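Pasting a structure below so you can have a look.
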C-alpha cells in the first residue's frame, strides 16, 4: 500500500520551480524544427536552471570558499557527473541499470563519456579517443569510486588548458570554463538543430517520468 508521503507520490522537479507537470505543458508546445524562442525558453528554464542549481552553483561555492585542502577533488567529481549528463542530453540517452534497450538506453557510461569528450567541441581539442577513455578510467572512476585520481593524474587549479593529457593534469578552474563554454554553445545550437531538439525532448520526457 502506498502511503501519502511515499516516494512514489512525491512530485518530480526537473529544475527549481519546474515540475514534471510544467514540463508536460511546455513540451506539448515544442515542435521539432519549430519556434526558436520556445526552444530557448525550454533550454533556460529546464536545462540551464537544472545545471545551475545542481552543478554550476555548487562548483562556484567550492571555488570561492575553498581552502586549498582538497576541494579540487570535489569540484572535478561534480564536473564528471555533469559531463555525463551533458553527454546524455546531447544524444537523448537514458540510463538503465539493467537491460538497457538500444539505441537510446545505456547501462555502462564509459563509451558515452569518452566519445563525448573526444568528439564534441571544445573538449575535442583536449582529448583523443584514447586519452578520453583514460580520463574516464583514471579520473572519473577514480574519483567517484575511490575519492582519488589514479594512474599518475593530478588536479590543479588553473592552467592554459582545461586538461593537459600528456602531463596527466586537470586544471579544474580552466576545465570549468570549457564546460560553461560548451553549455552556452549547446544552448545556441539547440534552438535550430532538429537532432538536438529530438534528443532534448527524449531525455527530459524520461526525467519527468
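Of (1) touching a helix residue (DSSP H, G or I) at 6+ places or on another chain (Cβ under 9 Å); (2) loosely packed, with under 15 Cβ neighbours inside 10 Å; (3) farther than 21 Å from residue 183 by Cα, residue 134 satisfies all except one. Which?
That leaves (2) as the condition not met.
When the residues of the range 165-184 are filtered to those that are part of a helix (DSSP H, G or I) and without any contact (Cβ under 8 Å) to a residue 40 or more places away in the chain, which remaining residue is surrounded by the most Cβ atoms within 10 Å (Cβ to Cβ)?
Filtering first and then ranking leaves 174.
Suppose we filter 21, 52 for residues that are over 15 Å from the mean Cα position of the chain (by Cα) and either loosely packed, with under 13 Cβ neighbours inside 10 Å or part of a helix (DSSP H, G or I) (or both); which single one remains?
Result of the check over 21, 52: 21.
Checking residue 41 against (1) closer than 16 Å to residue 170 by Cα; (2) assigned to a helix (DSSP H, G or I); (3) at pLDDT 95 or above, which test does it fail?
Residue 41 satisfies every listed condition except (1).
Which one is surrounded by the most Cβ atoms within 10 Å (Cβ to Cβ) among residues in the range 1-18 that are modelled with pLDDT of 95 or more and in contact with a strand residue (DSSP E or B) (Cβ under 8 Å, 6 or more places away or on another chain)?
Filtering the range 1-18 for residues that are modelled with pLDDT of 95 or more and in contact with a strand residue (DSSP E or B) (Cβ under 8 Å, 6 or more places away or on another chain), the one surrounded by the most Cβ atoms within 10 Å (Cβ to Cβ) comes out as 13.
Related question: Looking for something under 13 Å from the mean Cα position of the chain (by Cα) and either assigned to a loop (DSSP other than H, G, I, E, B) or on the phi > 0 side of the Ramachandran plot (or both) - is there at least one such residue anywhere in the range 77-91?
no
The values are calculated or read from the model by the stated rules, or taken from the named source; none is laboratory data. Quick caveat: nothing in here was measured; it's all calculated off a predicted structure. Ideal geometry is used to build each Cβ from the backbone, glycine not excepted, and the neighbour counts take in all protein chains shown.
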